[in-house]
Amino acid sequence: MSDTAPAPESLFSADDLGHAPQRFREATHVVRHPDGFVGVAFGQPDPAHTWLGTLPPLYPEWLGDRSFQEAHGTRFAYIAGAMANGIASTDIVIAMAKAGCIGFFGAAGLPESRVSAAIDTVQSVLGRADDGGLPHGFNLIHSPQEPELEAAVADLYLRRGIRRVSAAAYMGLTPWIVRYAVSGLRRTPDGQIHRQNHVFAKISRPEVARRFLAPAPPEILAQLVRDRLLTLEEADLAKLVPIAEDITMESDSGGHTDNQALGALLPILLRLRDDMVRQHRYTRPVRVGAAGGLGTPNAVASAFALGAAYVLTGSVNQASLEAAVAPHAKEMLCKADSADVAMAPAADMFEMGVEVQVLKRGTLFAARGHKLREIYRAYPGLKAIPPDERSKLERDIFKDTLENVWANTEKFFAERDPKQLNRAKADEKHRMALVFRAYLGQSSKWAIAGTPDRVMDYQLWCGPAMGSFNQWVKGTFLEPASGRAVTQIALNLLEGAAVVTRCGQLRSYGVPIPAAAWDFRPRPLG
């Protein structure tokens, strides 16, 4: 060591070791003290210590698969997910892009005109992807009850240059998601396949993941070519690439969920990805990310440690400043614990028995939704509902007569999808389903608008991550809703995940890391 070199800073006390992971941006030397104690040192190690190894600096930017940042032009492997009905707002999309992440606009449940207006807002600030704009995306949800809407929104994205979509609620492939995925495929001068559009397929079942990891079905491609929605070149190249090169494994989450365990499902999907890449001889990287239950740095770090290429958060962003949710609803979310959630019937797939996970504390939505499903299964139509049951429905749930509710429902579908009304005239059961779906669908809009006499009917999509996040931020600047900027949520989760990752690295070297070192506390970042 030269006379001018700074004195070594060796850390051996339990308190100092607890702070060592916070210095993950510095090279860390693992050394053994002459008395046998293993610890860490920064700068030049003391010659009296036995050098055991050195950990290079670690940055939040390095968490995940580097090909994610290369493919999408981001700083971090982090996504703010597409919460429906515009809850994942244009403000979230813009803030995430400026922070070096990706935000997906929550287009599900919105008419095409609203989605188009959101594209105007986002592109006016971030620019178009084709012109070098900052990365962003929009949601494309499978709509089995309204296939025309799904087709129209997919066409809108193609026309407006939206190059990333979050494909949600798909159980199989539709022509519209296939068309979006493979439109614009072409060979570059060096023979590589250039992909214009990127599908982020949100899935929770291996059989669904397999469909997105495979090339497009030949019969769908043939039909799209016949309909002049794809060129022959695009259809031929589509046989060489998967529908999605980014698969988001959704574990126990808010909204549509199969309540899967991250640690159980992610390794299965990673092996499936590897098998499919070998089978189809893909030459482009195919990534598997993780979503659901990611409300703390420890959870985010565990997802990356399991092999996730990127992480996606949802529930925790719903209480952010930028989320399109009423202030009172955000306060309810900020008070939730991890057990304050329940499953309830989904509005878009009510007849199929599909459920969504919602906030239970402070609202009766889940219980009332289950009551509607119970009645739907028990009776052939509205007229068959016994008078006492009918009275309770009108008083407690609809707050109106069923005749008036049907009249309003009829008016809605006359503009949205008139075919539903033709079916309802011939099928009393379907008419009942439309009326019950009206309540389920409006309940999330009441939470967005903050309708005061409907607080007990708020439908707030929420998973256990919300409760774990609230516990983590207690006593910090992120505890009140007024402090929850979506970028601060993201940066603190990533910063904390880097600290937790450093703890694991040091412990694997035999360094005794105090328990407190794993508890990263939120702080203003940026």
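The values are calculated or read from the model by the stated rules, or taken from the named source; none is laboratory data. What you are looking at is a predicted structure, and each value in this text was computed from that prediction instead of being measured. We place every Cβ from the backbone using ideal geometry, glycine too, and count neighbours over all the protein chains shown.
Among the residues making up region 37-50, a single one is outside any loop (DSSP other than H, G, I, E, B) and farther than 20 Å from H19 by Cα: T50.
Within region 358-391, the residues that satisfy the criterion of being surrounded by fewer than 16 Cβ atoms within 10 Å (Cβ to Cβ) and either part of a helix (DSSP H, G or I) or touching a strand residue (DSSP E or B) at 6+ places or on another chain (Cβ under 7 Å) (or both) are A367, H370, E374, R377, A378, K383, A384, P387, D388, E389, S391. Identify the residue in region 148-198 that is of a type in the set (K, R) and in a loop (DSSP other than H, G, I, E, B) and, among all such residues, is surrounded by the fewest Cβ atoms within 10 Å (Cβ to Cβ). The qualifying residue surrounded by the fewest Cβ atoms within 10 Å (Cβ to Cβ) is R195. When every residue of region 211-221 is checked against the conditions, none turns out to be in contact with a strand residue (DSSP E or B) (Cβ under 6 Å, 6 or more places away or on another chain), outside any helix (DSSP H, G or I) and surrounded by fewer than 24 Cβ atoms within 10 Å (Cβ to Cβ). Scanning region 289-324 for residues that are assigned to a loop (DSSP other than H, G, I, E, B) and of a type in the set (S, T, N, Q) yields a total of 3.
Within region 392-497, considering only helices (runs of 4 or more DSSP H) that don't extend past its boundaries, which have at least 1 residues that are free of Cβ contacts under 8 Å to residues at least 40 places away in the same chain and on the phi < 0 side of the Ramachandran plot?
Values: elements: 402-416, 418-426, 428-449, 464-473.
Fully inside region 392-497 and qualifying: 402-416, 418-426, 428-449.
Looking for whichever is within 23 Å of Q442 (Cα to Cα), of a type in the set (G, A, S), in the same structural domain as L306 (by TED's automatic domain parsing) and part of a helix (DSSP H, G or I) here; the options are A118, A95. Which one fits? Spell out how you get there, then give the answer.
Numbers: A95 fails: within 23 Å of Q442 (Cα to Cα).
Exactly one residue qualifies, and that residue is A118.
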